[in-house]
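Visitor: Pasting a structure below so you can have a look.
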Amino acid sequence: MSLTTMRINLTCAIMLLGTVLTAPPVAISGNYTFTQIDVPGADSTFAGGINDTGQIVGSFSSNFAHGFLKDGVSFTQIDFPNATTRAQGINNKGQIVGQFYDHDTGGHGFLMDGATVTQIDVLGALLTNARSINDMGQIVGNYSDVALRGHGFLKDGATIT
């Protein structure tokens with residue numbers, strides 16, 4: 001390494017250190033309350049999403065994975081027949097997205113809108129997972145192709161990009 005390169009590196013390091021040392025301190029204020037979320041009788045509980053009204057979705061295990069919706073103090077189980085189910089996102093309209101996996105047909109995303117459930121599959125994918133939904137109904141997630149490479153997707157209406 002040349003003397004000039006070492007001087008440039010040393011000057012950059014001193015400038016960076018000066019910036020860090022003169023930066024104003026960050027104050028953390030306020031009181032925070034942490035609430036543990038446990039589905040009654042479950043071995044473990046995982047929260048996946050929350051909307052502005054405080055509804056929480058996620059999954060819990062009790063032999064295998066089940067999805068749930070927590071609304072206030074009540075839990076509603078979300079299951080697909082003979083499949084593990086994970087609820088992962090909820091918007092302010094109460095629409096829920098997630099994934100279910102059965103050993104016969106693989107992994108599929110889903111959209112639950114009230115009593116209507118729509119299966120979401122990216123064309124040619126081995127596994128599709130719907131992770132989040134916004135208030136316009138746009139869904140983002142991921143999928144695995146036949147070479148087991150992971151990709152992201154956006155579902156906007158009937159169009160998957």
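Visitor: From the set of residues in segment 38-77 that are charged (D, E, K, R) and assigned to a strand (DSSP E or B), which is surrounded by the most Cβ atoms within 10 Å (Cβ to Cβ)? Walk me through it before giving the result.
Guide: Of segment 38-77, the ones charged (D, E, K, R) are 38, 43, 52, 70-71.
From what's left, assigned to a strand (DSSP E or B): 70-71.
On the way: Lys70: 20, Asp71: 15.
Within segment 38-77, the match that is surrounded by the most Cβ atoms within 10 Å (Cβ to Cβ) is Lys70.
Visitor: Being in a strand (DSSP E or B) and either of a type outside the set (A, V, I, L, M, F, W, C) or touching a helix residue (DSSP H, G or I) at 6+ places or on another chain (Cβ under 7 Å) (or both) is the filter here, so list the residues in segment 111-129 that pass it. Walk me through how you get there before you give the answer.
Guide: Taking segment 111-129 first, the residues in a strand (DSSP E or B) are 111-113, 116-120, 127-129.
Once the filter is applied, which keeps residues that are in a strand (DSSP E or B) and either of a type outside the set (A, V, I, L, M, F, W, C) or touching a helix residue (DSSP H, G or I) at 6+ places or on another chain (Cβ under 7 Å) (or both), segment 111-129 yields Asp113, Thr116, Thr118, Gln119, Thr128, Asn129.
Visitor: Filter segment 94-110 down to residues that are assigned to a loop (DSSP other than H, G, I, E, B) and modelled with pLDDT under 95 and give me whichever is surrounded by the fewest Cβ atoms within 10 Å (Cβ to Cβ).
Guide: Pass one, segment 94-110, residues assigned to a loop (DSSP other than H, G, I, E, B): 94-95, 103-105.
Those still in the list that are modelled with pLDDT under 95 too: 103-105.
Working: His103: 8, Asp104: 6, Thr105: 11.
Top of the filtered list is Asp104.
Visitor: Exactly one of these conditions fails for Phe80: (1) in contact with a Ser or Thr (Cβ under 8 Å, 6 or more places away or on another chain); (2) surrounded by 14 or more Cβ atoms within 10 Å (Cβ to Cβ); (3) modelled with pLDDT under 95. Give me its number.
Guide: Looking at each condition in turn, Phe80 falls short on (1).
Visitor: Just for segment 79-132: of the residues that are in contact with an Asp or Glu (Cβ under 6 Å, 6 or more places away or on another chain) and polar (S, T, N, Q), which one is nearest to Phe153 (Cα to Cα)?
Guide: Looking at the filtered set, the residue picked out is Thr128.
Visitor: What about Gly89, is it touching a strand residue (DSSP E or B) at 6+ places or on another chain (Cβ under 6 Å) and crowded, with 17+ Cβ neighbours inside 10 Å?
Guide: Numbers: touching a strand residue (DSSP E or B) at 6+ places or on another chain (Cβ under 6 Å): yes; crowded, with 17+ Cβ neighbours inside 10 Å: yes.
So Gly89 passes the test.
Visitor: Inspect all residues belonging to segment 130-144 and state whether any of them is acidic (Asp, Glu), within 14 Å of Val97 (Cα to Cα), part of a loop (DSSP other than H, G, I, E, B) and at pLDDT 95 or above.
Guide: Let us first name the residues in segment 130-144 that are acidic (Asp, Glu), namely 135.
Subset that is within 14 Å of Val97 (Cα to Cα): 135.
With part of a loop (DSSP other than H, G, I, E, B) added as a condition, the list becomes 135.
Next, from what is left, pick out any that are at pLDDT 95 or above: 135.
Scanning segment 130-144 turns up at least one residue that is acidic (Asp, Glu), within 14 Å of Val97 (Cα to Cα), part of a loop (DSSP other than H, G, I, E, B) and at pLDDT 95 or above.
The values are calculated or read from the model by the stated rules, or taken from the named source; none is laboratory data. Just so we're clear, the structure is a prediction, and the values are computed from it rather than from any experiment. Here Cβ is always computed from backbone atoms with ideal geometry, including for glycine, and neighbour counts include all displayed protein chains.
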